[in-house]
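J.: This structure is in structure tokens; I'll ask about it shortly.
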């Protein structure tokens, strides 16, 4: 089996781009989301992108393949909302294991085909673990600042179920991403460590936070450096940032952590900031130019795209990444 830790030493690894952006291009209807299996489901399902791994698996496979064709080394599973907490919106908590397992299996099938074709460029699958739609650090009720919509233990249990299903489905690593609340992330990391211990396995963990505005802090109030320090007790494969900001705005935050850790550094920024219609206008070439600044400054080990990015963006990024050496790791990860 190909070793992602070895690949990381040899080159800058390329992560895929946005899943949601690609799904939107299919213009799936409510009926498409339901498929035959859920045609009589009591509530609307359109927008539940994770469900498409069950009802439209060929489309999800096609998206993964397009990213691999564009030069990605790693694709993320279609499981950003794959916890009982997030799936409660669709009354689909009982489907969580199946959603994660099938999403992992689909992505791994595609990855294995590409690795078979190009053994010198092995492809990997990262199990995407999103932040959920609740925060453990802050109250959603301005009149009751002590109230919490979710507890650490509820998050831990939900993340553990997701982690087990992703591993059973065959992922090569886990990606705890778009972290806006470090307490949520710690629940996910705690759950992963539990699973590793129970199964006596060692699976690489990527952790990616999100800086939400010009203040340079996560939603729960941490600076980039504070975020790094607060999770450095976990043996991470990589740490970095994704979403919320475009590549140029993300750079100072990568600089803030790159020389303070021996973990690999990852980034998958948006294609610029959203316009008035919530769409992303930055072209692959514009985004590539900004990302090349990371590469010139030796900031990056893993690079990809988030909201608004497509296989065209990843193709440009992959070509640029191939021209540069990865950021040197002082200690082997």
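J.: Testing residue 252 on (1) part of a loop (DSSP other than H, G, I, E, B); (2) surrounded by fewer than 16 Cβ atoms within 10 Å (Cβ to Cβ); (3) in contact (Cβ under 8 Å) with a residue 24 or more places away in the chain, one condition comes back false. Which one is that?
T.: Here residue 252 meets the rest and fails (1).
J.: Out of the range 9-19, which residues are part of a helix (DSSP H, G or I) and at pLDDT 95 or above? Talk me through it step by step, then tell me what you get.
T.: Step one: list which residues in the range 9-19 are part of a helix (DSSP H, G or I), which gives 9-10, 19.
The one that is part of a helix (DSSP H, G or I) and at pLDDT 95 or above: 19.
J.: Cβ-Cβ below 7 Å, separation at least six or inter-chain, first residue in the range 48-71 and free of Cβ contacts under 8 Å to residues at least 24 places away in the same chain, second buried (at least 20 other Cβ atoms within 10 Å of the Cβ): which pairs?
T.: 55/33
J.: Please count how many residues of the range 20-63 are farther than 18 Å from residue 91 by Cβ and either part of a loop (DSSP other than H, G, I, E, B) or out of contact with any helix residue (DSSP H, G or I) (no Cβ under 8 Å at 6 or more places or on another chain) (or both).
T.: Of the residues in the range 20-63, 12 are farther than 18 Å from residue 91 by Cβ and either part of a loop (DSSP other than H, G, I, E, B) or out of contact with any helix residue (DSSP H, G or I) (no Cβ under 8 Å at 6 or more places or on another chain) (or both).
J.: Can you pull out every residue in the range 184-213 that is on the phi < 0 side of the Ramachandran plot and either out of contact with any helix residue (DSSP H, G or I) (no Cβ under 9 Å at 6 or more places or on another chain) or without any contact (Cβ under 8 Å) to a residue 12 or more places away in the chain (or both)?
T.: Applying the first criterion (on the phi < 0 side of the Ramachandran plot) to the range 184-213 yields 184-199, 201-213.
Across the range 184-213, the qualifying residues are 193, 196, 197, 198, 202, 206, 208, 210, 212, 213.
J.: Regarding residue 126, is this residue crowded, with 17+ Cβ neighbours inside 10 Å and touching a helix residue (DSSP H, G or I) at 6+ places or on another chain (Cβ under 8 Å)? So that I can check it myself, show each step before the final result.
T.: Details: crowded, with 17+ Cβ neighbours inside 10 Å: yes; touching a helix residue (DSSP H, G or I) at 6+ places or on another chain (Cβ under 8 Å): no.
No.
J.: OK, next. Restricting to the range 129-149, name every residue that is surrounded by fewer than 20 Cβ atoms within 10 Å (Cβ to Cβ), in contact (Cβ under 8 Å) with a residue 24 or more places away in the chain and more than 19 Å from residue 94 (Cβ to Cβ). Let's see the steps before the verdict.
T.: Initially, the range 129-149 is screened for residues surrounded by fewer than 20 Cβ atoms within 10 Å (Cβ to Cβ), giving 133, 135, 137-149.
Subset that is in contact (Cβ under 8 Å) with a residue 24 or more places away in the chain: 133, 135, 137-138.
135, 137, 138 - these are the residues of the range 129-149 that are surrounded by fewer than 20 Cβ atoms within 10 Å (Cβ to Cβ), in contact (Cβ under 8 Å) with a residue 24 or more places away in the chain and more than 19 Å from residue 94 (Cβ to Cβ).
J.: Within the range 150-170, track down each residue that is in contact (Cβ under 8 Å) with a residue 24 or more places away in the chain and not in a helix (DSSP H, G or I).
T.: Across the range 150-170, the qualifying residues are 150, 170.
J.: A further question on this structure: Which of the residues that make up the range 220-243 are out of contact with any helix residue (DSSP H, G or I) (no Cβ under 8 Å at 6 or more places or on another chain), more than 20 Å from residue 326 (Cα to Cα) and buried (at least 20 other Cβ atoms within 10 Å of the Cβ)?
T.: 243
J.: For the range 180-201, enumerate the residues that are modelled with pLDDT under 95 and assigned to a loop (DSSP other than H, G, I, E, B).
T.: Once the filter is applied, which keeps residues that are modelled with pLDDT under 95 and assigned to a loop (DSSP other than H, G, I, E, B), the range 180-201 yields 180, 181.
J.: Sticking with this structure for a sec: Within the range 80-92, identify whether any single residue is touching a residue at least 40 places away in the same chain (Cβ under 8 Å) and farther than 23 Å from residue 34 by Cα, and answer yes or no. Explain how you work it out, then say what you get.
T.: So in the range 80-92, the residues touching a residue at least 40 places away in the same chain (Cβ under 8 Å) come out as 80-86, 89-92.
Cutting the leftovers down to farther than 23 Å from residue 34 by Cα gives us none.
No, the range 80-92 has no match at all.
The values are calculated or read from the model by the stated rules, or taken from the named source; none is laboratory data. Model, not experiment: these values are computed from the prediction. Counting neighbours? That spans all protein chains shown, and the Cβs are built from the backbone with ideal geometry, glycine included.
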